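Colleague: If you scroll down you'll find the structure; I have some questions about it.
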């Protein structure tokens, strides 16, 4: 079964999250995803609130920039969320936007090294291990969680470049791909991820989550093209869906056929009715998917 979600964009004020999360929960949508873009809204605080306001909805954070966080804090947050809301929080970590990291004095000389060290330590802490490590960026001295998760917690990594995709296969439990990813891009990403998994001797499942930039309504094509152009993307490229539920479902199926396990519909920045977008995803697109 192809997973389906929608994005609550952080350009919306935080006070709108409660209604959106409850709507997604009541509508039967599987997942609502949050972003921690600088300098808009905190991912963990927003996720905790959304989880508390809902009953069954899974809340994803894609993603938490690792330069901003000590890995022990990330582990504490992930473990607390899972114990409070078992199996419903999905956390992704990644490099973060390098210009933003530079703005706050946290830019790493080697983002790849930092992400690897963070993933290795984070996953070990969430397994309940006592961790001592002295890496280039991550240093822990006998650190263990007093309240580790009661069950396995899977950590995803955001990735775009070949080296990060291989690293995600080696060191993460899943990968988040941006809305600039075409079906062919998903296939290539899966190959790189699998190469990393093979080199690390991993045979456990690896979930791929892909954002799909989506517009619906009478002006959908124009809005999607403008949104892509504003983001520096080719409006004619095959990495968006504009139209009715059938058109969007076809794009979702193409990504799923290429190797995506979950597709998250990403509204355009000028989406006029975010609540209607959630209802569209749940009531119109979801029934058309396997």
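Colleague: Taking the stated definitions as given, is residue 240 buried (at least 19 other Cβ atoms within 10 Å of the Cβ) and out of contact with any strand residue (DSSP E or B) (no Cβ under 9 Å at 6 or more places or on another chain)?
Modeller: No: the conditions fail for residue 240.
Colleague: Return only the number of the condition from (1) surrounded by 15 or more Cβ atoms within 10 Å (Cβ to Cβ); (2) farther than 18 Å from residue 160 by Cβ; (3) out of contact with any helix residue (DSSP H, G or I) (no Cβ under 6 Å at 6 or more places or on another chain) that residue 188 does not satisfy.
Modeller: (2)
Colleague: Continuing with this model, one more query. Give me a count of the residues in region 86-107 that are in contact with a helix residue (DSSP H, G or I) (Cβ under 8 Å, 6 or more places away or on another chain), surrounded by fewer than 20 Cβ atoms within 10 Å (Cβ to Cβ) and assigned to a loop (DSSP other than H, G, I, E, B).
Modeller: 4
Colleague: Considering every residue within region 120-141, establish whether at least one is under 18 Å from the mean Cα position of the chain (by Cα), surrounded by 18 or more Cβ atoms within 10 Å (Cβ to Cβ) and part of a helix (DSSP H, G or I).
Modeller: Checked against the condition, which is being under 18 Å from the mean Cα position of the chain (by Cα), surrounded by 18 or more Cβ atoms within 10 Å (Cβ to Cβ) and part of a helix (DSSP H, G or I), region 120-141 yields at least one hit.
Colleague: Can you name the condition, by its number, that residue 151 falls short on among (1) touching a strand residue (DSSP E or B) at 6+ places or on another chain (Cβ under 7 Å); (2) at pLDDT below 95?
Modeller: The single condition residue 151 does not satisfy is (1).
Colleague: Scanning for something crowded, with 23+ Cβ neighbours inside 10 Å, touching a residue at least 40 places away in the same chain (Cβ under 8 Å) and in a helix (DSSP H, G or I), does region 18-33 turn up at least one residue?
Modeller: yes
Colleague: Right, something else. Mind checking which residues of region 5-17 are surrounded by fewer than 19 Cβ atoms within 10 Å (Cβ to Cβ), in contact (Cβ under 8 Å) with a residue 24 or more places away in the chain and assigned to a helix (DSSP H, G or I)?
Modeller: 14, 16
Colleague: Another question about this same structure. Being surrounded by fewer than 24 Cβ atoms within 10 Å (Cβ to Cβ) and touching a strand residue (DSSP E or B) at 6+ places or on another chain (Cβ under 7 Å) is the filter; apply it to region 263-274 and report the residue that is nearest to residue 286 (Cα to Cα).
Modeller: 274
Colleague: Restricting attention to region 156-169, and to residues there that are touching a residue at least 40 places away in the same chain (Cβ under 8 Å) and in contact with a helix residue (DSSP H, G or I) (Cβ under 7 Å, 6 or more places away or on another chain), which single residue is surrounded by the fewest Cβ atoms within 10 Å (Cβ to Cβ)?
Modeller: Going through the qualifying residues, I end up with 163.
Colleague: Please go through region 215-254 and pick out each residue that is outside any helix (DSSP H, G or I) and under 19 Å from residue 278 (Cα atoms).
Modeller: 215, 216, 217, 218, 219, 240, 241, 242, 243, 244
Colleague: Looking at residue 215, is it within 21 Å of the chain's Cα centre (by Cα) and touching a residue at least 60 places away in the same chain (Cβ under 8 Å)?
Modeller: It is false that residue 215 is within 21 Å of the chain's Cα centre (by Cα) and touching a residue at least 60 places away in the same chain (Cβ under 8 Å).
Colleague: With (1) surrounded by fewer than 20 Cβ atoms within 10 Å (Cβ to Cβ); (2) assigned to a loop (DSSP other than H, G, I, E, B); (3) touching a residue at least 12 places away in the same chain (Cβ under 8 Å) as the list, and residue 36 as the residue in question, which single condition is left unmet?
Modeller: (1)
Colleague: Just give me the residues in region 117-155 being touching a residue at least 60 places away in the same chain (Cβ under 8 Å) and under 18 Å from residue 94 (Cβ atoms), in sequence order.
Modeller: Of everything in region 117-155, those that are touching a residue at least 60 places away in the same chain (Cβ under 8 Å) and under 18 Å from residue 94 (Cβ atoms) turn out to be 138, 153, 154, 155.
The values are calculated or read from the model by the stated rules, or taken from the named source; none is laboratory data. Only a predicted model underlies this, so the values are computations on that prediction, with no experimental measurement involved. Glycine also receives a Cβ, built like all others from the backbone with ideal geometry; neighbour counts cover every protein chain displayed.
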